[in-house]
Structures are given as structure tokens and as C-alpha cells.
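The values are calculated or read from the model by the stated rules, or taken from the named source; none is laboratory data. Quick caveat: nothing in here was measured; it's all calculated off a predicted structure. Please note: Cβ atoms are built from the backbone with ideal geometry, for glycine as well, and neighbour counts cover all protein chains shown. Protein only, heavy atoms only, side chains kept; ligands, DNA and RNA dropped before computing areas. Shrake-Rupley method; radii C 1.70, N 1.55, O 1.52, S 1.80 Å.
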Amino acid sequence: MSAAASDHISRANTHASLHRALLPSLLLLLHAWWGSCHPQCLDYKPPFGPRQPLAFCKEYSKFGCCDLKKDGEISVKFDTIMENFDYSGYITCGKYIRSILCQECSPYAAHLYDAEDANTPMRILPGLCGDYCSEYWQHCRYTLSLLLEDLGSPPQFANLTAGIEEDRRKFCDFLELKDKQYCYPNVLSNEELNANLGVVSEDPTGCLELCLEEVANGLRNPVAMIHADDGTHRFFVAEQVGYVWVYLANGSRIDRPFLNLTRAVLTSPWSGDERGFLCIALHPRFSTVKKAYVYYSVSVKKEERIRISEFTLSTYDENQLDHSSERTILEVVEPASNHNGGQLLFGHDGYLYIFIGDGGRAGDPFGKFGNSQNKSALLGKVLRIDVDNNDDGAPYSIPSDNPFLRENEARPEVYAYGVRNMWRCSIDRGDPITGQGRGRMFCGDVGQNKYEEVDLIVKGGNYGWRAKEGFSCYDRKLCQNSSLDDILPIFAYAHKLGKSVTGGYIYRGCQMPNLNGLYIFGDFMSGRLMSLKENVTTGEWQYSEICMGRDRTCRFPKLINSYYKYIISFAEDESGELYFLATGVPSATARAGIIYKIVDPSRRAPPGKCSVKPSPVKIKGKLIHFHPKEEKLWLVEKQENTREGNKIFKIPRGQDRGPFKRRGGRRLKLGSVRLVSPNGLSDRGRVEIFILGQWGTVCDDLFTIKAGTVVCRQLGFTRALVVRKRAVLGKADSNVRILLDDVECEGGEKSLLECKRARIGKHNCSHSEDVGVICVTLEPS
């Protein structure tokens, strides 16, 4: 060892008393968190594959937490420390110094440095295994002060190490990580930890474990989210009730709506109503053409219709449409209130695609073959029109290569047919390197009684309905017709997995390279998230369920692993990152909608690769800054034959369960109700009502299914399925007051307080007569 290194030690020996004073706090600072960990870097983000091989910490060139710049900084640190050594010391201690410094590049760096929680102190040096620490102490114990000084620690930390360096037990108490599985160097040789390092985590059943980030909340059935592709990285969110809002790249929302059609839109507050504002699409050259297209339900002389309209951007505000500029492009009469379709999108060919349902009811009962197989009807179709250069003439023209343009009696707008009720379609951006898949059109088509399906839409294609549902025959006579020539789905699933598919997107973003090429979609009714991966050799699509990562897997800042059940739509931002829109109460008037960003916690893109600089946006009005929901969401397994991952109801934690919980302890509305269930289920439980500043129970005397329906409708459900008496669904504690008795309702009241009843607090019953209800939501047909 050199004279310089020896001098460090002699100076340190003069401060033994300082060691005794500071050692307890130093040990607290450096002590590792004992428990399971996950791959994570010191910036609290997942590891990555460096864009260029590392020159110094080469063992982490394929996957870790350092890019070439960071690797160079560590190399300089090493050289600075090693200047204190002669050749013999360099050979003896260099390998220890290098290994310790390079743990910043380990994919488990956050665990080694106790940095998995951004709110707790981080270790100064990585946690070592006991045997390795003893070996380090035996050969190079006097280098500890050099490591601490170079790492920028306070001088007293370097001085007090003298007392530690002389005592192996204290030395290793200082450095050792007690978790033998994750300490260095065991973490490198642990086969279980490193077998699938850097790939998407899977649970024992093969379910892909992903995490979420909440990006917007308080929305009323958010049905669509789009971007302008203009460099601003804004996104536009449509609510079923008829509002469209602008969100900036920083997550804040402009207080003035981009569009307000609430007076024109036909919808209702009842759960399951499929009518309303259903979609918006911006012109692909929005920055110059400045037009938007919307799809919504409307009533004209008591006749329900689908309306496709065009709006022009305001000349005074780039974040607002000119409401007086509405021009009707197309209207289609709806024979029933369901199966409204509801998708608009522009293809890479520049044409506008419109996806319309079959007209409603059940089984497409219209005409001899139904609307979907009738090419002279617009219902049950994918339409393609040209809306360019339409300012001085007809609202749209027909593309010259539309497949049925010259077929007698066929509508020229028809691009594909035989669809039932396509809900959410998307265009594949294509592989970012090869371009493979670019322009493909994916759609989810909601089924009838047995199957949901995902289709690839092609020009002139017949997608089989009502002859087929999924891969199976629905109308056997039509199904056996040799002229059907239908295109089969790329995937179909039975109703044990879900009853209302929500189409998604192929991931083509930058931030999560593991997800490239994965088609992610979901189911509105079951809350299940799903994925398909194409085998490019066979053309077959492999199914994998997506479940939320365990707490350990999603232990990153801002990430969560739970979500509201009703998956309404999927979206991608301007950079290609994926989102889904969901709600806890499927009503057009309930502010229970949240937008979640999908995050892969196993691998990210290298630093700098995905950085964007949004173009400036001129704001008129105020910005409403985003704050994640204060209430924690928690998972409750749905009581049916489903796996744990996505079959969930989500409700706020705590005693006040239900959609009427207020933030900050503010008073609830008089007459608010909740269902209290020992299992935490949101659709069933003991009825409790909020009166006089407290929650109390309701007696079962005279309480019928009509009263149960009043309760269920308050909570956003359609009706009561059954009323349970004699405290079958739970008996309240003796300290809970009985507030209502002898309740008789007609079924149309807004609250139990509007029903015929005894005076508040007056009763002749006990908690053994607490009434309970089971609510049900009307499923999309």
C-alpha cells in the first residue's frame, strides 16, 4: 500500500472517539432493508440495455443501470482511488474497489443501496454478502475511508472508519446486507433471480405482470383519448356525457372544454346505457387542416340516430373547437338504443373509417339476413369515406377503390361488413425498426351470448355476423351458406373470460421495449386485461392474460397495481405509449373515471432514447393540475371462476366504501348510501344510509326489491337483483345506530328518504334484522 494510503489510516486513528459517537447513526444510514426486492436502479426506475457496450463495468453491458456516460464516471472514480496504491496494493485491492463501485450498474442496484423507497435514506456503499465482506476486510480493510471520501461523504465518516477497520465484526456490520439472496456477489449467481432478468415478469400461471400509472381522474365515463400528432403531446379526452377536455404533456388539464355537446348528446345516467358521445378523431393533418370529427347519439323528432359531425378549430383558441362550425357528415337511424358502434379513426391512407353497430336488440333480427349481411344498409358495417376538400361541396366523397363501389344495391361507403358491435379499433404504427405491421387495423367486436372476438379489418371483408359468433355458428342456416366466405377472428374467447370486449392497441412506443408488438386489450364486464402476440412465421396469435404485478414488482414511484374494473377504452399518446380508460361506476354522470398508463416494470429504454420536447401551447383560461386519487385502490376477487389477476372490483380503502366517499373528510350528501360487505364486494352488502352526520343501518321490515333498486341506482347500478333480510349479508356492531325502519318505495325515488317510512331513528327492530341487497349492472347486449 502507498504512503498516501497509510497516511489516511494514521489520521483516522486519532478520531476513535468520533467513531463511538457517530457509528449508530451511520449504521442506520447504511443498513439494508431486509426482504424481497426487484430489479431497480438508483433513479427509482427499471434497468435497461445500454445503447453502447460499457468499457469499465463490462458485466452489465447487456442489462443494468448504467449507460456509457455513467460507466465512464465510475471509471474515473476508480482511477482516482487507485492513485493512492502502489502496484502490489493495486493488484490486491483493485478488484474489490472496482466491484463495489460497479454495483451502481447492477440491475439490483436499488436493493443493494437500500434505495427502493425514495422516502428512506440510501446506503453510501452497496450491501455485501458476509463471506465477501470478511474477505474484503482481511485483504483491504484500510481502503474503506478512501471509498467513503471519494463518494463525497462528510469527512467525519472517513475519519471514524479507523475503529471499524480494526474490528471485522463492526466492519461487516457496516457493509453487510443480511439478505443473503440479494447481497453482492450472490445476487449475480442466483439462478432464480437472473433466469428471466429483463423480460416481462410472469406469475406461476403465465400471466404477464405489469403496473400502472394514474394520469387523469374524476372523469365521467371517459370513452376516448386521442392526440393531435402535432408535436404538442397534448391528449384529448372525451366523456360519454358530451365533453372533450384537453390535457397538456405535463398532465394538467385546461379548464375550458375543447368541445361541449352535452345539450345535444342523447344519453342517461343509468348504468349500461350505450348511447352518448362515443368518439372523436382529429384530421391527420390537424395542425394545418384544423378539423375534428365526432360520433354521438342524438334524438331527432323522437327518432334515435347516430350522428357523425365535423367541427373546425376556433380561430381564437387552439384548444377549443368552434361550436358554431358543426357540419353533419352522416346520420344513421338507430332502430334500438344499443349496438351503436362508436369508433372513428383515420387510416394511413388518409380516409375516415366509421364503425357502426348492427342496429341493436339481439341476434340482428332486421330483414331476411340481418343488417350486418345486408350491404345496402349502413348498420353493422365498417365505412370508409373521404372528407378532404369538402368545404364547397358534399360533406364527403367515396374513395375510388372502395370495394363495393360498383356493386348494385350496395352502399358505396361500405368497406367491410358482417360486424356486430365493434367497440374500439386501432391502427398499427408498425415496428419502429422494420415497419412490419404498419397500417393494420384491429377491432374488438362485442359478441351475443357466447363469444367475444378480435378482428383484423381488411377491404371487402365479411366478418360473419349474424351467421357466426366468434368461430362458432350463430344462425346455422346462414352459417352453412357456401357463399358466406367470412374472415375468421384472430382471437375469440368465451364468456367465462368476459362478456364485452374492449379493443386495444399494438404497443409501438419507445419506453417499454419488451412490449413491442404486443396487442393489449380488455373486457368491460370482467375487468380482465389481455394480450396477443403474433407468431410471424405461422401467423397465429398467442394469448396471455395481463395481471397486475405484486407489490414488490410495482414498487416504483408513482406506480400502482390496481385499477377500476370497467375498462371502457384504450388509447395511445403521441409517442406511442399505451393507456386504458376505466371507471368504478359505469354511469355517464358518475365522476369515477380514471386514465391509466400501462408500464412494464421489468425493463425500460436507455436514458435519453425516448426524450421528447413538446411544442409550446398557448393557453387561454386556467390550468387544473393533476393529483392522483388520495384513496388507495384495493383488489377484491370477483366471486366467479376467474384468476386473481384482473377479475376485480376496485373500491376505496377504509370504512366508507362506495362512490360517495369524499376527500378530506367533507360531509356526505344527506341520504347517501353504501353497501358494507365483510368481503369488500362493491355490488352487495348490508345497506347503510348517511343521516345526521353518521352512517346507520336500515331494518328489513316492509323493505322490498323496489327499495333495493333505489339503493342500487344511487350507487350506479341498474337495479337490485335480490333483497336479503335477517342480516344475511352482515350484522352491524351494537355501536352503529339503526336509522330507518318500515321503508316502502315505489322504485323511482332518488333516495330512501323520499320513500314512505318511519321517522328517522324510530324503529322496533334490532341489528339481527339489518337489510342487505345485491345489485346488478345491465350488461351491454
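Restricting the count to DSSP beta bridges whose residues both fall in the chain, what percent are antiparallel, rounded to a multiple of 5?
95
Taking only the alpha-carbon atoms of the chain, what semi-axes of the equivalent ellipsoid follow from 5 times the gyration tensor eigenvalues under a square root, in whole Å, largest first?
Working from the Cα gyration tensor, I get semi-axes of 55, 36, 24 Å.
At 7 Å along Cα-to-Cβ for each site, give me the label-to-label distance between residue 376 and residue 670 in nm.
6.2
What angle, in degrees between 0 and 90 and rounded to the nearest 10, separates the Cα long axis of helix 705-714 from the longest principal axis of the Cα atoms of the chain?
That works out to roughly 50 degrees.
What net charge do the residues around residue 318 carry, taking every other residue with its C-beta under 11 Å from that of residue 318, with Lys and Arg at +1 and Asp and Glu at -1? Mind dumping the intermediate values first?
Values: positive: 234, 290, 618, 620; negative: 230, 317.
Net charge in that neighbourhood comes out at +2.
Relative contact order, percent, of segment 672-776 when contacts are C-alpha pairs under 8 Å separated by at least 6 residues? Don't skip to the end; give the middle numbers.
Working: 268 pairs, mean separation 38.2, N = 105.
That works out to 36 percent.
As a test of the formula, what do you get for the chain when each DSSP H run with n ≥ 4 contributes -39,500 (n - 2.57) and the sum is divided by the residue count, at 222 nm and rounded to the nearest 500 deg cm²/dmol?
-4500 deg cm²/dmol
Can you bin every Cα-Cα distance in segment 498-633 into 10 Å intervals starting at zero and give me the percent of pairs per bin, rounded to whole numbers?
Per 10 Å bin, starting at 0, the Cα pair percentages come out as 10, 35, 37, 16, 3, 0.
Let me spell out the model: positive unit charges on the Cβ of Lys and Arg, negative unit charges on the Cβ of Asp and Glu, origin at the Cα centre of segment 672-776. What dipole size does that give, in debye rounded to 20?
The calculated dipole for segment 672-776 is roughly 120 debye.
Under a straight-distance cross-link criterion of Cα-Cα below 21 Å, which lysines are reachable from residue 77, leaving out those fewer than 8 residues away in the same chain?
List returned: 58, 69, 95.
Taking the Cα atoms only, what angle lies between the long axis of helix 87-101 and the longest principal axis of the chain, rounded to 10 degrees?
20
Describe numerically, in nm with one decimal, the distance between label points set 7 Å from Cα along Cα→Cβ at residue 268 and at residue 746.
Distance between label points: 1.7 nm.
If I model a spin label at residue 737 and residue 609 as a point 7 Å from the Cα along the Cα→Cβ vector, what separation in nanometres do I get?
Spacing of the two 7 Å Cα→Cβ label points: 6.2 nm.
Could you work out the local net charge near residue 262, counting Lys and Arg as +1, Asp and Glu as -1, over the other residues with Cβ closer than 12 Å to its Cβ?
Around residue 262, the charge tally is +1.
With a cut-off of 8 Å between alpha carbons and a minimum separation of six or more residues, what is the relative contact order of segment 354-420 in percent?
Computed value for segment 354-420: 35 percent relative contact order.
What FRET efficiency, computed as 1/(1 + (r/R0)^6) with R0 = 56 Å and r the Cβ-Cβ distance, is obtained for residue 537 and residue 408, rounded to the nearest 0.05?
Computed FRET efficiency for residue 537 and residue 408 comes out at 0.85.
Please work out the average accessible area per residue across segment 167-287, using the 1.4 Å probe convention, and give it in Å². Working shown, then result.
Details: 4550 Å² over 121 residues.
Normalised by residue count, the accessible surface of segment 167-287 is 38 Å².
In square nanometres and to one decimal, what's the mean projected area of the convex hull around the Cα atoms of segment 672-776? Present the calculation step by step, with values, prior to reporting the outcome.
On the way: hull surface 22.5 nm².
Spelled out: convex hull of the Cα atoms, projected over all directions, averaged, 5.6 nm².
Taking the Cβ of residue 39 as the centre, find all other residues whose Cβ is under 12 Å away and add up their charges (Lys, Arg: +1; Asp, Glu: -1).
+3
Can you list residues whose amide H is under 5 Å from residue 505's amide H, if they're 5+ apart or on another chain and H is modeled 1.01 Å from N?
Amide H neighbours of residue 505, under 5 Å, 5+ apart: 520.
Below 8 Å between Cα atoms, with a sequence gap of 6+, how large is the relative contact order for the chain in percent?
Over the chain, the number comes to 11 percent.
Cα axis of helix 130-140 to longest principal axis of the chain: angle in degrees, 0 to 90, nearest 10?
40
Calculate the FRET efficiency for residue 349 and residue 252 from the Cβ-Cβ distance with a Förster distance of 25 Å, rounded to the nearest 0.05.
Values: r = 35 Å, r/R0 = 1.40.
The calculated FRET efficiency here is 0.10.
If you roll a 1.4 Å probe over the heavy atoms of the protein chains, what accessible area per residue do you get for segment 678-781, in Å²?
46
Using a Förster radius of 22 Å, what is the FRET efficiency between residue 627 and residue 285 based on their Cβ-Cβ separation? Nearest 0.05, please.
0.05
Determine the gain in length on full extension of the stretch residue 433-residue 485; use 0.36 nm per residue of separation and subtract their C-alpha separation, reporting nm with one decimal.
Stretched fully, the residue 433-residue 485 segment lengthens by 15.2 nm.
Given a 1.4 Å probe and every protein chain left where it sits, what share in percent of the accessible area of the chain is carbon and sulfur?
Values: 16220 of 33390 Å².
Here carbon and sulfur together make up 49 percent of the probe-accessible area.
If you count only protein heavy atoms with a 1.4 Å probe, what accessible area per residue comes out for segment 512-576, rounded to a whole Å²?
34
Restricting the count to DSSP beta bridges whose residues both fall in segment 672-776, what percent are antiparallel, rounded to a multiple of 5?
Of the beta bridges lying entirely in segment 672-776, close to 85 percent run antiparallel.
Return an integer: the convex hull volume of the alpha-carbon atoms of segment 58-195, in Å³ per residue. Mind showing how you got there, number by number?
Numbers: hull volume 16.6 nm³, N = 138.
Taking only Cα atoms, segment 58-195 has a hull volume of 121 Å³ per residue.
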